[in-house]
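Below is one structure, written out as structure tokens; comments come after it.
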Amino acid sequence: MKRTLFNEDHNIFRASARKFVETQIVPFHAEWEKQGQVPRSLWRAAGEAGFLCCTVPEEYGGPGADFLYSAIFCEEVARVGASGPAFHLHSEIVAPYLIHYGTEEQKKYWLPKMVSGEVISAVAMTEPGAGSDLQNIKTTALPEGEDFVINGQKVFISNGQLADLVVLACKTDPGAAGKGVSLVLVEGDRAGFERGRNLEKVGYKAQDTSELFFNDVRVPKTNLLGVEGKGFYQLMQQLAQERLVIAIRSATCIEAALDWTVKYTMERKAFGKSVSDFQNTRFKLAEIKSQAVMIRSFVDACLAAHLKGDLDSNTAAMAKLQSTEILCQVLDECVQLHGGYGYMWEYPITRAWADNRMTRIAGGSSEIMKQIISKELISEYS
Ligand SMILES: Cc1cc2nc3c(=O)[nH]c(=O)nc-3n(C[C@H](O)[C@H](O)[C@H](O)COP(=O)(O)OP(=O)(O)OC[C@H]3O[C@@H](n4cnc5c(N)ncnc54)[C@H](O)[C@@H]3O)c2cc1C
């Protein structure tokens with residue numbers, strides 16, 4: 001189905017994003033996987049080319065573009081299976097926290113640097129003892145004079161090694177559950193802030209993912225992001241866009257997997273014919289094509305709603321749930337159709353299969369999405 005959301009300017013932007021990804025990322029990605037992270041110079045290059053933080057308003061150094069530009073860049077990075085650079089996290093998840101909850105001073109200081117790629121950001125919510133159950137986090141930021149003193153530990157933090165700025169979810173009132181959570185900005189060079197090892201993952205090998213340790217880290221109270229005790233609410237308010245971004249990336253990855261697999265099965269010979277000549281292959285490809293079109297249509301509908309400010313977090317949860325579940329099914333089928341080569345790291349389908357398993361876990365697991373969707377469904381009947 002023809003996509004109708006984009007105008008000529010968007011198409012021009014897509015062409016330059018595609019060129020950037022193909023020249024600045026694709027040739028180097030395998031090497032970055034060995035190094036366990038992407039170089040800072042890539043972030044600067046992406047910033048200089050205008051691909052970071054597309055929706056940041058001009059007064060804070062951004063292009064002030066609509067969210068479709070963000071979506072396009074997410075799609076172009078996902079299309080080639082470049083899981084290393086966590087641009088989407090920085091641009092579409094962290095920057096919006098600052099835009100929506102930052103003071104004028106925080107926005108003027110951080111956003112231009114995030115747009116240029118001089119500052120790389122992370123969001124640290126998950127702890128060894130609390131992931132889905134965010135209200136139960138144990139990291140504290142307790143007031144002492146003009147400062148907060150932070151103690152605790154985070155885990156699985158994307159951009160953990162590279163981050164210059166961490167949006168930290170912590171308890172300013174340890175006795176309270178959700179109402180005790182606040183967001184605090186922690187600069188990467190604060191005394192007492194330490195990065196653990198770069199975690200060895202099944203996929204996303206070029207993306208640095210780390211433990212973070214906070215030992216009596218002192219930050220001024222002016223580092224509070226938004227309202228004290230409203231951190232959990234602030235996190236929830238931004239979830240629709242976060243889930244939509246995951247769905248956009250997943251929809252693109254399904255299309256890419258189909259493309260790689262059609263080409264491979266047409267070239268690969270068995271029993272004197274192409275693998276694509278077997279009815280089983282054709283039927284599988286037909287199923288995947290239908291899934292790709294259905295997911296894309298729904299995700300584009302969510303994108304259109306989001307542009308109008310109408311995307312609710314429940315619908316976004318449906319997009320996240322279905323796009324990631326179907327993506328993982330599709331990738332598994334596509335690996336199968338590649339035979340033994342589908343198990344070799346040098347093939348993009350193999351990397352995508354390993355990379356995307358996490359999409360059903362991170363950003364709110366599938367089970368949490370189902371909880372959210374079912375809660376609203378049942379309440380409609382109660
Ligand atoms: C590669 C990667 C990158 C990540 N990046 C970040 C990051 O940048 N920042 C960050 O803060 N976190 C990040 N995470 C963490 C991620 O968000 C968590 O792993 C996720 O929220 C799940 O939490 P958990 O691992 O503690 O699992 P748990 O919460 O312990 O869940 C274990 C299982 O129990 C299920 N479960 C939990 N609660 C319920 C329930 N109420 N009902 C039914 N089932 C339930 C879950 O769905 C899951 O299947 C990342 C994770 C990965 C793998």
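The values are calculated or read from the model by the stated rules, or taken from the named source; none is laboratory data. As the structure is a computational prediction, the values presented were derived from the model and not from experiment. Note that each Cβ is placed from the backbone with ideal geometry, even for glycine, and that neighbours are counted across all protein chains shown.
Residues that are out of contact with any strand residue (DSSP E or B) (no Cβ under 6 Å at 6 or more places or on another chain) and small (Gly, Ala, Ser) were ranked within segment 103-149; the one that is farthest from LEU162 (Cα to Cα) is GLY145. When segment 344-365 is limited to residues that are among the aromatic types (Phe, Trp, Tyr) and either more than 25 Å from the chain's Cα centre (by Cα) or not in a helix (DSSP H, G or I) (or both), the one that is farthest from the ligand (Cβ to nearest atom) turns out to be TYR347.
Inside segment 198-230, residues that are acidic (Asp, Glu) and closer than 30 Å to THR350 by Cα make up a count of 3. Of ILE295, ILE372, ILE368, all but one fail to be more than 25 Å from THR209 (Cα to Cα), within 16 Å of the ligand (Cβ to nearest atom), surrounded by 15 or more Cβ atoms within 10 Å (Cβ to Cβ) and β-branched (Val, Ile, Thr); the exception is ILE372. Restricted to segment 133-178, and to residues that are of a type in the set (D, E, K, R) and over 24 Å from LYS205 (Cβ atoms), which residue is nearest to the ligand (Cβ to nearest atom)? Checking each candidate, the answer is ASP133.
Does segment 248-260 contain any residue that is of a type in the set (A, V, I, L, M), more than 25 Å from GLY340 (Cβ to Cβ) and within 22 Å of the chain's Cα centre (by Cα)? Yes. Taking the numbered list (1) closer than 30 Å to PHE28 by Cα; (2) surrounded by fewer than 19 Cβ atoms within 10 Å (Cβ to Cβ) in turn, ASP355 passes all entries but (2).
Among the conditions (1) under 23 Å from PHE193 (Cα atoms); (2) buried (at least 18 other Cβ atoms within 10 Å of the Cβ), ARG40 misses just one, which is (2). Restricting segment 204-228 to residues that are within 16 Å of the ligand (Cβ to nearest atom) and in a strand (DSSP E or B) leaves a set whose member that is nearest to the chain's Cα centre (by Cα) is THR209.
Out of SER70, SER41, one residue alone is part of a helix (DSSP H, G or I), hydroxyl-bearing (Ser, Thr, Tyr) and over 28 Å from PHE298 (Cβ atoms). It is SER41. Only one of SER379, SER323 is among the hydroxyl-bearing types (Ser, Thr, Tyr), away from the ligand (no atom under 15 Å from the Cβ), within 17 Å of the chain's Cα centre (by Cα) and assigned to a helix (DSSP H, G or I); which? The conditions single out SER323. Is there a residue in segment 187-203 that is near the ligand (Cβ under 10 Å from one of its atoms), assigned to a loop (DSSP other than H, G, I, E, B) and out of contact with any Ser or Thr (no Cβ under 8 Å at 6 or more places or on another chain)? Yes, because at least one residue in segment 187-203 is near the ligand (Cβ under 10 Å from one of its atoms), assigned to a loop (DSSP other than H, G, I, E, B) and out of contact with any Ser or Thr (no Cβ under 8 Å at 6 or more places or on another chain). The condition of being under 29 Å from LEU235 (Cβ atoms), surrounded by fewer than 18 Cβ atoms within 10 Å (Cβ to Cβ) and modelled with pLDDT under 95 holds for only one of SER313, SER382, that being SER382. Beta carbons closer than 7 Å, at least 6 apart along the sequence or on distinct chains, pair a first residue in segment 347-366 that is without any contact (Cβ under 8 Å) to a residue 40 or more places away in the chain and under 17 Å from ALA317 (Cβ atoms) with a second that is in a helix (DSSP H, G or I) and within 14 Å of the ligand (Cβ to nearest atom) for ARG360/THR324; ARG360/GLU325; ARG360/CYS328; ARG360/SER366.
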